[in-house]
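K.L.:
Handing you a structure now.
Rule-based calculations on the coordinates, nothing more; no lab input. Everything numeric here is computed off the predicted structure, so don't read it as measured data. FYI the Cβ positions are ideal-geometry reconstructions off the backbone, even for glycines, and counts take in every protein chain you see.
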Amino acid sequence: MLVKDEVLQVLLSRKGECVSGQEIADSLSCSRMAVSKAVSQLQDDGFQISTQKGSGYVLDRADVLSPAVLSALFPIPVYAVRETSSTMIEAKDLLNKGVDAPFAVIAGRQDGGRGRLGRSFFSPEGGVYFSIVIPGRDIPSPDLLTISASLAASRAIERLTGFTTAIKWVNDIYINGRKVVGILTEGIVDMELSGLDKAIVGIGVNLSGNSSDIPYEIRDKMAFMYEEGKSPVTRGELASAITKELFALQGTRFIDEYRAKCFVIGLDVTVIKAGRERNGHAYGLDDNGHLLIEYPGGEKEALSSGEVSIRFR
Ligand code: BTN
């Protein structure tokens, strides 16, 4: 292991505490000079380490997508890339290379971020973009996976940031009327077992960024939770908290909690299906996560998430 990585391990294990250069040098059997050089390299990598003259080093913040930081946070193996077209593609590449699920892959930015229904997902630096690959055996109710992912993100965001979130069926998360999280779920089917082999849950959180960079067309729809550099929570902390919540939710009953957060219930909506738009009223959500719609004239329909999107009016 490089001295830099060893110093990082020490500082991570005592985050927020002042650790003397001599103590680190003694524990790693190296010189204080080597510790000082390693700290400079870590600072260049983006770790916020303050040096306190005569007393030592304090790791204040570790918002760096490095294997050492992420593996200490995540409950499953995690891969990180600085930049990619899409973590959905990275996840599939890793599967093709023989990596075993479960695992996650996280990126600092995406230049081809993918959204639902063939849309794109704006993914600049400062956001959290990751895909979690889950084996089918760990998903007792595949139909509810997407719903559980939005609840996982909502719970983790509320716990770590104190914001109140609301969910737009099926899995967009809103804060103060603007979308801050998008989720895309893809299944890989086992043709022989005719069941779900694996699922890839892609989650994008607009954690922090520069509001003036938001493209004009989506400016009134999406928002960053924090302006650039102002997030109290790191990308790794948030992604790992969402991942833990997602695994914890599998096999439990969570539909009532989801229902309570789903702000679409009770609203007049426009249902967009196969290019056709129809106005209706969302009067409920059944236990399978289907949104219940009543159209003018009394016709009723239970919508499943697949190829449908809704707009609230
Ligand atoms: C949507 O809002 O329509 C879904 C957006 C999903 C975005 C995430 S970001 C991580 C993963 N990689 C992608 O390309 N898409 C998902």
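K.L.:
Contact order normalised by length for the chain, with contacts defined as Cα pairs under 8 Å and 6 or more residues apart; what percent is it? Walk me through the numbers on the way to the answer.
P.N.:
Working: 608 pairs, mean separation 41.8, N = 313.
Over the chain, the number comes to 13 percent.
K.L.:
Roughly how big is the chain's charge dipole about its Cα centre, with Cβ charges of +1 (Lys, Arg) and -1 (Asp, Glu), in debye to the nearest 20? Intermediate values should be presented prior to the final figure.
P.N.:
Details: 35 positive and 40 negative charges, 104 e Å.
Approximately 500 debye in magnitude.
K.L.:
Could you tell me which of the pairs Lys53/Lys230; Lys4/Lys92; Lys261/Lys300 are separated by over 29 angstrom between their Cα atoms in the structure shown? Please list the in-between numbers first.
P.N.:
Numbers: Lys53/Lys230 27 Å; Lys4/Lys92 31 Å; Lys261/Lys300 23 Å.
Among Lys53/Lys230; Lys4/Lys92; Lys261/Lys300, the Cα-Cα distance tops 29 Å for Lys4/Lys92.
K.L.:
Next question, about the same structure. So which residue, out of Ser55, Ser131, Ser86, gets the largest mean-square fluctuation from a GNM of the chain using Cα contacts under 10 Å as springs?
P.N.:
With Cα springs under 10 Å in the chain, the top fluctuation among Ser55, Ser131, Ser86 is at Ser55.
K.L.:
Further question: For n ≥ 4 DSSP H runs only, could you compute -39500 (n - 2.57) per run for the chain, divide by its residues and tell me the 222 nm figure to the nearest 500? Numbers along the way, then the final one.
P.N.:
On the way: 8 runs with 89 residues, N = 313.
It lands at -8500 deg cm²/dmol.
K.L.:
To the nearest 10 degrees, how steeply does helix 32-45 sit against the main Cα axis of the chain, on a 0 to 90 scale?
P.N.:
Rounded to the nearest ten degrees, it is 30.
K.L.:
Here's another thing I want to ask about it. At 0.36 nm per residue, minus the direct Cα-Cα distance, what do Leu117 and Phe247 gain on full extension? Give it in nm, one decimal, please.
P.N.:
Values: separation 130, 0.36 × 130 = 46.80 nm, distance 2.54 nm.
Stretched out fully, the Leu117 to Phe247 stretch lengthens by 44.3 nm.
K.L.:
Another one. Relative contact order (percent) for segment 1-141, with alpha-carbon contacts under 8 angstrom and 6 or more residues of separation?
P.N.:
Details: 218 pairs, mean separation 24.3, N = 141.
This gives 17 percent for segment 1-141.
K.L.:
If you find the alpha carbon centre of segment 262-299 and of segment 76-94, how far apart are they in angstrom?
P.N.:
Distance between centres, Cα-based: 35 Å.
K.L.:
Let me ask you something else. Using only the alpha-carbon atoms, how far is helix 87-96 inclined from the longest principal axis of the chain? Give it as 0 to 90 degrees, nearest 10.
P.N.:
It is inclined by approximately 80 degrees.
K.L.:
Return the single residue from Gly46, Gly289, Gly275 with maximal mean-square fluctuation; model: Gaussian network over the chain, springs between Cα atoms under 10 Å.
P.N.:
Gly275
K.L.:
On C-alpha positions alone, give me the angle between the axis of helix 235-249 and the longest principal axis of the chain, in degrees, nearest 10.
P.N.:
Long axis of 235-249 versus the principal axis of the chain: about 50 degrees.
K.L.:
Next question. Relative contact order, percent, of segment 155-313 when contacts are C-alpha pairs under 8 Å separated by at least 6 residues? Before the final figure, lay out each step's value.
P.N.:
On the way: 242 pairs, mean separation 27.8, N = 159.
Computed over segment 155-313, the figure is 17 percent.
K.L.:
Which of the three applies to segment 192-313, rounded, prolate or oblate, going by the alpha-carbon gyration tensor with a ≥ b ≥ c and a/c under 1.5 meaning rounded? Provide the component values of the computation, followed by the final result.
P.N.:
On the way: a/c = 2.00, a/b = 1.28, b/c = 1.57.
Taking the square roots of the gyration eigenvalues as a ≥ b ≥ c, segment 192-313 is oblate.
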